[in-house]
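A short worksheet on the structure shown next.
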Amino acid sequence: MSESTFEKVAAEWFKTKEAAGLTTHTLNDIWRSMSKYVFPHIGSMPISSFTAQQFIGSLSPTYAAGRLETVERLSPRINEVMDYALNSGLVTSNPAAKIGQTFHKPKVKHRPALLPEQPPLLMKNLAFASIGKQTRCLIEWQLLTMTRPAEAAMTRWDEINFETKELRIPAGRMK
C-alpha cells in the first residue's frame, strides 16, 4: 500500500467502521458524504503527500456553500482516515489532526416546543388535517410515545408490552 491514495485508504478505514457494527444508515451516510465532498478533491492523491492546507482546501467549497454541519462531520472522518494511515505505517504524521478547528461550528438551532396549553389545539388540527390516516396515526403515536420519527415508524408489535405499558426499542435502532 506504499502508493495508496486517500480514497483507497479510506476504503480500508471504512471496513473498520463496518466491523464496528454501525447501522447501515450510518455507514451509507459516512461513505456518501466522503464520496460527494472529499474524494472528488483529494481521493486520487497519494496518502503520504498531504498537508493540513490541502485538507482544509478540500472542505472549503462545502463550507463556503453553507454546509457547516457537513464540514463538522467530515473533518473527524478525514482525521480518522489519516489516523488509520498512521497506525498502518503509511504516513509518519497526521496533518488532518486539527483541521476541524479551522471552520466555525454551526449555531445550534433549537426546535420550538409546544406550550402546555397547545397540545389540544394540535390534536384538533391534526384530526382535521388533509393527511392520510396512516400519517395521522403515526404522528399521534409519536406524540404518545415521545419517540424520534424513525423509531416511531419502525415500531413492531412485539416491542410493545401491553401488560406493563412499556415500549422496548432495540438499542441498534436508537440514535
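Between helix 119-128 and the chain there is an angle of about 80 degrees, using the helix long axis and the longest principal axis of the Cα atoms. Within the same chain, lysines fewer than 8 places from Lys124 are excluded, and of the rest, those with a Cα less than 29 Å from its Cα are Lys109, Lys133, Lys165. Distances between placed amide hydrogens fall under 5 Å for Thr5 paired with Ile47, all partners being 5 or more residues away or on another chain. Taken along its three principal axes, the alpha carbon spread of the stretch 6-102 comes to 34, 32, 23 Å, from the longest extent down to the shortest. Comparing Glu159, Glu80, Glu69 in a Gaussian network model of the chain where C-alpha atoms under 10 Å apart are linked, the largest mean-square fluctuation is found at Glu159. Working from label points 7 Å from Cα in the Cα-to-Cβ sense, the Ser60 to Ser93 distance is 2.1 nm. Along the charge dipole of the chain, pointing to its positive end and built from +1/-1 on Cβ of Lys, Arg, Asp and Glu, which listed residue (Pro149, Leu27, Asn79) has its Cα farthest out? Farthest towards the positive pole: Pro149.
Taking Cα pairs under 8 Å and at least six residues apart, what relative contact order does the stretch 6-102 come out at, in percent?
32 percent
Packing, as the average of other Cβ atoms within 10 Å across residues, places the peptides 15-27, 95-107 in the order 95-107, 15-27, highest first.
The alpha-carbon of Lys107 sits under 12 angstrom from the alpha-carbons of these aspartates and glutamates, leaving out residues fewer than 8 places away in its chain: Glu69, Glu72. Helix 6-19 axis versus longest C-alpha principal axis of the chain: approximately 40°, rounded to the nearest ten. The distance from the alpha carbon centre of the stretch 87-152 to that of the stretch 8-74 is 23 Å, rounded to a whole number. Which residues in the stretch 143-175 have a backbone N closer than 11 Å to a point placed 7 Å from the Cα of Leu122 along the Cα-to-Cβ line? Backbone N within reach: 143-147.
Any read-out appearing in this document is the output of simple, stated calculations on the displayed coordinates, not a laboratory observation. Everything numeric in this text was worked out from a predicted model, so none of it was measured. Glycine also receives a Cβ, built like all others from the backbone with ideal geometry; neighbour counts cover every protein chain displayed.
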